[in-house]
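The next block holds one structure in the form of structure tokens; read it before the comments.
The values are calculated or read from the model by the stated rules, or taken from the named source; none is laboratory data. These numbers come from a predicted model, not from an experiment. Reconstructed Cβ throughout: ideal geometry from the backbone, glycine too, with neighbour counts over all protein chains shown. Surface accessibility is based on the protein's heavy atoms, side chains included, excluding ligands, DNA and RNA. Shrake-Rupley method; radii C 1.70, N 1.55, O 1.52, S 1.80 Å.
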Amino acid sequence: MIETTELMTTAATVLDNAYDAFQREQLARDSQALFDHADQIFTIQMINQATHDYLFDEAIAKRVVTLGSRVLTEMYQRAISAEVVKFNFTGNDIRWLLDLPRAHRRQR
């Protein structure tokens, strides 16, 4: 079990606030605009959920805090610039979206 740190809590709060702002922005759109942006809404939702799952990684948590309210927007922009649309993001995917180096895999 991973012990929650102050950094993880702060990063989760930043991420929650960024996602709440994104949702408020979407709710202000009309139904046609929501339909037109469904792929963006879905991708940002998946990025948000996956990022929450990897906040135990100190580098990810620090980067989320550093980016602040623009964290999801920047991650999404990086994803679409590389035409990356996924359903399941790994820790290394999240690190890449945050412009961090890949974590090395352990050799067994």
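Give the number of residues within the range 9-38 that are touching a residue at least 12 places away in the same chain (Cβ under 8 Å) and open to solvent by less than 70 Å² (accessible area, probe 1.4 Å).
Total meeting the criteria: 10.
When you scan the range 54-79, how many residues do you find that are free of Cβ contacts under 8 Å to residues at least 24 places away in the same chain and surrounded by fewer than 14 Cβ atoms within 10 Å (Cβ to Cβ)?
Number of matching residues: 2.
Does the range 55-83 hold any residues that are outside any helix (DSSP H, G or I) and touching a Lys or Arg at 6+ places or on another chain (Cβ under 9 Å), and which are they?
If the condition is that a residue be outside any helix (DSSP H, G or I) and touching a Lys or Arg at 6+ places or on another chain (Cβ under 9 Å), then D57 is the only one that fits.
Given the criteria in a helix (DSSP H, G or I) and modelled with pLDDT under 90, does D93 qualify?
yes
Does any residue of the range 39-50 turn out to be β-branched (V, I, T), over 11 Å from the mean Cα position of the chain (by Cα), open to solvent by less than 70 Å² (accessible area, probe 1.4 Å) and at negative phi?
yes
Under the condition of being part of a helix (DSSP H, G or I) and of a type in the set (D, E, K, R), which residue from the range 4-50 is nearest to R78 (Cα to Cα)?
Result: D39.
Consider V64 against the criteria (1) touching a Ser or Thr at 6+ places or on another chain (Cβ under 9 Å); (2) at pLDDT below 95: it satisfies all of them except one. Which criterion is unmet?
If we test V64 against (1) touching a Ser or Thr at 6+ places or on another chain (Cβ under 9 Å); (2) at pLDDT below 95, just (2) comes out false.
Do we have any residue at all in the range 56-66 that's within 13 Å of the chain's Cα centre (by Cα) and farther than 20 Å from L100 by Cβ?
Checked against the condition, which is being within 13 Å of the chain's Cα centre (by Cα) and farther than 20 Å from L100 by Cβ, the range 56-66 yields no hits at all.
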